[in-house]
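The values are calculated or read from the model by the stated rules, or taken from the named source; none is laboratory data. Since we're looking at a predicted model, the values are computed, not measured. Ideal geometry is used to build each Cβ from the backbone, glycine not excepted, and the neighbour counts take in all protein chains shown.
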Amino acid sequence: MNRAPILIIEKGEKMKLKLIIIVISFGFLIAGCTESNQNLVNNPEDALKTIEVGNEEREINVYGSHKVNKELVLIVFRGAMNDKDIWVADVHKEDGQWVAKEIVQMNGPFEESGDIQTVIISDEFGYEVGYIKSGVPVTENLNIFMVEGISDWKIWIKQSK
């Protein structure tokens, strides 16, 4: 009879140990899920903050966006690397989250060029991006983006498909 209570206590201790391990594992799982949910990027503008590590606190000024399709948005902005450079970001939706795939610096037209310049041509996604000098008539197929502090040129985006 003395052995039976010892055996029951040992089984009980093993069960307690297993239960403690399960609870601790569940706690780590919940903590990991919570941290993962905090990093979700549910809109294109928030994806800009993920371009460079440490940009979460930097103020980004968005001057406009152009929705190419439900999975791709182009955003004209300033502030990712510094507060002077102007960029166009190619922001894609992947697995339900927005990701800034590529950014192109757009600090102004090239010298001795025409009134309208094309800088980016994406045959794959069907858009073009470029510069237009101020005062030049704008055709209706161009989406124009004015950038604060710049009056002699603008950025345009055109759907090519």
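Out of the range 109-161, which residues are farther than 16 Å from Ser65 by Cα, of a type in the set (Phe, Trp, Tyr) and surrounded by 14 or more Cβ atoms within 10 Å (Cβ to Cβ)?
The answer is Trp153, and nothing else.
Tell me, which residue of the range 80-110 that is over 21 Å from Lys154 (Cβ atoms) and basic (Lys, Arg) is modelled with the highest pLDDT?
If we take residues in the range 80-110 being over 21 Å from Lys154 (Cβ atoms) and basic (Lys, Arg), then Lys93 is modelled with the highest pLDDT.
Taking the range 92-117 on its own, how many of its residues are under 20 Å from Gly149 (Cβ atoms) and either in contact with a Leu (Cβ under 9 Å, 6 or more places away or on another chain) or among the small types (Gly, Ala, Ser) (or both)?
Of the residues in that region, 2 qualify.
Which of the residues spanning the range 52-79 are within 21 Å of Ile144 (Cα to Cα), modelled with pLDDT under 90 and of a type in the set (A, V, I, L, M, F, W, C)?
Across the range 52-79, the qualifying residue is only Ile60.
Test Val73 against the stated conditions and say whether it is of a type in the set (A, V, I, L, M), over 14 Å from the mean Cα position of the chain (by Cα) and surrounded by 13 or more Cβ atoms within 10 Å (Cβ to Cβ).
It is false that Val73 is of a type in the set (A, V, I, L, M), over 14 Å from the mean Cα position of the chain (by Cα) and surrounded by 13 or more Cβ atoms within 10 Å (Cβ to Cβ).
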